[in-house]
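Notes follow the structure.
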Amino acid sequence: MSEHVSDGILEHNREAAALWGAGGRHYDLVSFAISDALAHAAQRLSPKPGDKVLDVATGTGWSARNAARFGANVTAIDISADLIDAARQLSSGVEPPIDFRVADAENLPFPNESFDKVLSTFGVIFAGDHRRAASELARVCRKEGRLCISAWSPTGAVARFFAVISAHTKAPPPKESSLSWGDPARVEDLLGQEFRLTFEHGTNNAYHESVEAIWNWYLRGFGPLRMLYEGLNEGERAALKRDVDAYHAHYQVEAGLHIKREYLVIIGEKR
């Protein structure tokens, strides 16, 4: 029996859609804080005017807008209808216009070889089924087309942040870690048959006024943290905030906070 539902979102990804959409338009704050890494990926994708580009797991559309700046014709998808609504609002003046759609990275509603270039910045890495998502990326990219994915390092700052969050959740860990996309060997296994792959390391630099400021910033816009916080009792909330604050305090410098997050850019040429 198929698990497809009327809106095209696979059943096992529906909880994730609610989780990531919880920040709504405020998720754009999260993208702003990693905007240097998002620009890195767009520049390595190197769209040309008129290229058909697909941005997978677009969130509020930051990377889709980056691709459109090159003159590309961009289609952007996300599993969260709330994030797609926000992306449309935030991108209303962009030229060429971006085609935003609610869709699942594991069930892309496009024919084979529909796009010249495919992009996903810290997005497809959170798909529930990594191999299925990788297969879909390859399917919709034309022969000799280009793929660019950004993934967090499995041993870096984001991995440590996720560990802090995970210590406070009662939910079981995902079957496949998003951080495994930051391992070139794992990416070769997922995509190497379809793409000639190269890898480039980068570091995102984010600056915040204080530990309290970044707590409020992410509680407002980062859906997974917001949903976790809302499901805790008063004592559990205080413990979560204490641990997140302690994590961020590690990045204190004279001017405020300077957070450095290591990531991997995956660049593929379709065979």
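The values are calculated or read from the model by the stated rules, or taken from the named source; none is laboratory data. Keep in mind that this is a model prediction, so the values were computed, not measured. Positions of Cβ are generated from backbone atoms using ideal geometry, with glycine treated the same way; all protein chains shown enter the neighbour counts.
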Q. Which one of the conditions (1) free of Cβ contacts under 8 Å to residues at least 40 places away in the same chain; (2) under 24 Å from residue 58 (Cβ atoms); (3) not β-branched (Val, Ile, Thr) does residue 176 fail to meet, given that it meets all the rest?
A. (1)
Q) Counting only residues that are touching a helix residue (DSSP H, G or I) at 6+ places or on another chain (Cβ under 8 Å) and either closer than 17 Å to residue 166 by Cα or of a type outside the set (Gly, Ala, Ser) (or both), how many does the stretch 205-240 have? A) 21
Q: Please determine, by comparing only the residues of the stretch 77-92 that are of a type in the set (A, V, I, L, M, F, W, C) and touching a Ser or Thr at 6+ places or on another chain (Cβ under 7 Å), which one is farthest from residue 10 (Cα to Cα).
A: 90
**Q.** Criterion violated by residue 8 - all others in (1) over 22 Å from residue 258 (Cβ atoms); (2) modelled with pLDDT of 95 or more; (3) touching a strand residue (DSSP E or B) at 6+ places or on another chain (Cβ under 9 Å); (4) not polar (S, T, N, Q) satisfied
**A.** (2)
Q. Only one of 153, 166, 92, 80 is in contact with a helix residue (DSSP H, G or I) (Cβ under 8 Å, 6 or more places away or on another chain), surrounded by fewer than 24 Cβ atoms within 10 Å (Cβ to Cβ) and either closer than 21 Å to residue 20 by Cβ or of a type in the set (Gly, Ala, Ser) (or both); which?
A. 153
Q: Scan the stretch 131-150 for residues that are of a type outside the set (Ser, Thr, Tyr) and either touching a helix residue (DSSP H, G or I) at 6+ places or on another chain (Cβ under 9 Å) or more than 19 Å from residue 268 (Cα to Cα) (or both) and jot them down.
A: 131, 133, 134, 136, 137, 138, 146, 147, 148, 149
(Q) I'd like to know if the stretch 203-217 contains one or more residues that are within 12 Å of residue 248 (Cα to Cα) and in contact with a Phe, Trp or Tyr (Cβ under 7 Å, 6 or more places away or on another chain). (A) yes
Q. Among the residues of the stretch 23-35, is any assigned to a helix (DSSP H, G or I), more than 20 Å from residue 88 (Cα to Cα), of a type outside the set (Gly, Ala, Ser) and modelled with pLDDT of 95 or more?
A. no
(Q) Any residue at all in the stretch 195-206 that's farther than 30 Å from residue 269 by Cα and either in contact (Cβ under 8 Å) with a residue 60 or more places away in the chain or touching a His at 6+ places or on another chain (Cβ under 9 Å) (or both)? (A) yes
